[in-house]
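The values are calculated or read from the model by the stated rules, or taken from the named source; none is laboratory data. The model shown is predicted, which means the values in this text are computed figures rather than measured ones. All Cβ positions, glycine included, derive from the backbone under ideal geometry; neighbour counts span all protein chains shown. Just so you know, the surface numbers come from the protein's heavy atoms only, side chains and all, with ligands and any DNA or RNA stripped out. Shrake-Rupley method; radii C 1.70, N 1.55, O 1.52, S 1.80 Å.
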Amino acid sequence: MAPSPSSDKKRSLLEHYWGHTSFRPLQEQIIDSVLSGHDTTALLPTGGGKSVCYQLPALMMEGMCLVISPLIALMKDQVQQLGDLHIKAACIVSGMSSHAVDVVLNNCHFGKIKILYVSPERLQQRSFIEHLRQMKISLIAVDEAHCVSQWGYDFRPPYLHIADIRQYHPTAPLIALTATATPEVLDDIVRQLKMTHVQRFQSSFYRENLDYSVVYDENRTARILRIVRQTEGTGIIYTRSRRATRELSDMLNANNVSATFYHAGLDAADRDNRQRLWMQGQRRVMVATNAFGMGIDKPDVRFVIHYDIPNSIEAYFQEAGRAGRDGLPAHCYLFASPSAINILRQNHMSEFPSLKYIRNVYRALCNHYQIPTGSGLNTQADFAIETICSNYNLKPVEFYNACRFLEREGLISIPERDETSSTLSVIAKRDELYRFQVDHLRLGNLLFEILRMYPGISSVNVAINERKIASRCLSDTANIIQMLNQLHAMHIVEYKPCPKAPQIIFTSPRIDEHSIHLNEQNYDVLKQKASERLNAMIGYIQNNGVCRSRQLLAYFGQTDLQADCGMCDVCTRQDATSDGLEQAILALLTKNRLNIRNLCELLKVKDYSMVEETVSRMIDRGELYLDENLFINVS
């Protein structure tokens, strides 16, 4: 094995490329493990600097680092960030022309690429494997590695094929990175990726600057408005419903709180623009489904609110962990009620439709897209969920979950929206281009920049990234799309925007639904594991006797927290008994003229309802009264 490089060399690279003078906790040990040739697992919290753990070793090793990542948007962002750092990186994504893919692969063969990002689906393509076998791979990195585990909360079937490529580069170490994995899931990751002589690194899950609170309040909207007004800085509100993202955003804007919303149903340009407005501070609050947040590194998020209860502690911990990445205090609120828990249980039941129902959904899909038995391999079409459900009398939620199980079985694929790309080719001839650039300065400048960014675009369709073009041109994505449409209308380019509708791909020829051999035992185990995660989430909500941080850490197998956090709703409630709280309120009011908000801030109590109830009791007894400005006074 190669000796570990000097600390000076690693720190020099860290400062030169990333501008940091010291490593974050465990980063250097993880890097040393990789450079020493060990298979390595890195369990680091959200925002803990996982990417540096493979990017820096890649710079120090001969050959290339292959990164398997689940989301195309993440890959594109990483490649752009590395390009800004002058690190040679590329990604291969669906929607790219064969010429564009060949250009990237040739650059890999000739050593012009240091880090290559691909999706796990790419590893199932024979043509890519043939190229991969010829590449000089020095390191394999698996990002979001919890997707490998069938027992995890976010399993992706294509991840199971990652281990197959190790045979072509048996000496290349593999590093698996994730922010959320229980001990059982971590063991499954090691097993599924066929890792040997593994060095495991796990940072503490404890975030001392975050306080977690479960809020029992049926009037969520009013409470959220109060929280947002009482908390400075930017924040995220998570909800399950796309409709609720818009409604909550409208409510906040109507109350003079700048907000925007985000969900997977918006087109790429709209999502990019909304994300940019929030990242740049032009919108204070982002209201979103769980489609938002992956790869977002905004350090100054002061609060994360969960309007609905997540399906699992893993999902909650990851989303709440997007608060306070700058190390400063931040607040995490989770709304709960008996009715919300009932809805959560009902959603769980719909996640696992019967095996008979799954077979019926497969027949409906094949019939809708008119695919005969034995045909249909690689058929791709708009995923018309509403139409299919209406025509075949299917419930949308159960239908979609059945499709996900069919995807597990390798019969269909439902790509993420960001896995499709716009394409562009320049169809005007060279002399025509010259005249055009002279006559149309604004459009000509855009065309010139595109020709620089995408070599070969004059001869074939090339996958493009409108957001990246906008960034290079110091413009916004919507403006770039408008200009590309103008160029298309003028027959200068052929521009095809990425499909707005979600897509479905038949990854296997149609078989008779009665021939689908669904693994019933595996299905039952998956259902049991999901039920265990659900019960753990409900148990966390209902356990009002143990520090929230202790509960979260214990779920991930960490039981060494020395003391309670002292900040969560459980800790503050225990610190403020009824008698003690009344005495504290009286002591403060004899010196100050305060309202409820002032009281809670001075008492350091986050559960406003507890203070309100106590004040109400004291008013009823005649000990306190409210003046005309709603300030509390001692009688």
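Under 5 Å from the amide H of H306 lie the amide H atoms of Y238, Y333, L334, F335, each residue being 5 or more positions distant or on a separate chain, with H modelled from the backbone and absent for Pro and chain starts.
As a length-normalised measure over Cα pairs under 8 Å and 6 or more apart, the relative contact order of the chain settles at 13 percent. Model label points for R472 and R246, set 7 angstrom from Cα along the Cα-to-Cβ axis, are 3.5 nm apart.
In summary, segment 261-347 shows an alpha-carbon radius of gyration equal to 1.16 times the 2.2 N^0.38 Å reference for compact globular proteins.
Could you sort C91, C53 by accessible area so the largest value comes first, with the probe set to 1.4 Å?
Working: C91 25, C53 0 Å².
Largest to smallest exposure gives the sequence C91, C53.
In order along segment 160-171, the Karplus-derived 3J(HN,Hα) couplings, from 6.51 cos²θ - 1.76 cosθ + 1.60 at θ = phi - 60°, round to 5, 8, 4, 4, 4, 7, 5, 5, 7, 9, x, 8 Hz, and Gly and Pro are given as x.
Given Cβ point charges of +1 (Lys, Arg) and -1 (Asp, Glu) and nothing else, what value in debye, to the nearest 20, does the dipole of segment 108-225 about its Cα centre take? Could you put the intermediate results ahead of the total?
Values: 14 positive and 13 negative charges, 151 e Å.
For segment 108-225, the charge dipole is close to 720 debye.
For segment 350-500, what is the convex hull (Cα atoms) projected area averaged across all directions, in square nanometres? Mean orientational projected area (segment 350-500, Cα hull): 11.8 nm².
How much accessible area per residue does segment 375-529 have, in Å², with a 1.4 Å probe?
On the way: 8350 Å² over 155 residues.
So segment 375-529 comes to 54 Å² accessible per residue, rounded to a whole number.
Note on the chain: antiparallel DSSP beta bridges, both residues inside, total approximately 25 percent of the bridges counted. Of all the accessible heavy-atom surface of segment 321-413, with the other protein chains kept in place and a 1.4 Å probe, what percent is carbon and sulfur? Carbon and sulfur: 50 percent of the exposed surface of segment 321-413. Ordered by solvent-accessible area of protein heavy atoms (1.4 Å probe), largest first, the residues R240, R408 come out as R240, R408. Pairwise Cα distances in segment 143-212 exceed 15 Å in 55 percent of cases. Any chance you could tell me what percent of the C-alpha pair distances in segment 356-445 go past 19 Å? Pairs farther apart than 19 Å: 55 percent.
Express in nm, to one decimal, how much length is gained between E449 and N535 on full extension, taking 0.36 nm for each residue of separation and deducting their alpha carbon distance.
Values: separation 86, 0.36 × 86 = 30.96 nm, distance 5.38 nm.
Working it through step by step, the gained length comes to 25.6 nm.
For K136, K527, K429, K76, the ranking by accessible surface with the largest value first comes to K429, K136, K527, K76, using a 1.4 Å probe.
Given a Förster radius of 60 Å and the C-beta distance between T196 and A254 as r, what FRET efficiency does 1/(1 + (r/R0)^6) yield to the nearest 0.05? Don't jump to the answer; show the numbers that get you there.
Working: r = 58 Å, r/R0 = 0.97.
Efficiency computed from Cβ-Cβ geometry: 0.55.
For the chain, the Stokes-Einstein estimate of translational diffusion at 10 °C and a viscosity of 1.306 mPa s comes to 58 µm²/s, using the Kirkwood hydrodynamic radius over alpha-carbon pairs.
Any idea what log10 I(q)/I(0) is at q = 0.18, 0.23 Å⁻¹ for segment 1-86, Debye with uniform C-alpha scatterers and no solvent? The Debye formula, applied to the Cα set alone, gives -0.84, -1.39. Calculated on C-alpha atoms, the gyration radius of segment 1-155 divided by its Kirkwood radius gives an Rg/Rh of 0.95. Under 5 Å from the amide H of Q199 lie the amide H atoms of D39, T40, T41, each residue being 5 or more positions distant or on a separate chain, with H modelled from the backbone and absent for Pro and chain starts.
Per-residue ellipticity at 222 nm computed for the chain from its helices equals -13000 deg cm²/dmol, with DSSP H segments shorter than 4 residues left out and the rest contributing -39,500 (n - 2.57).
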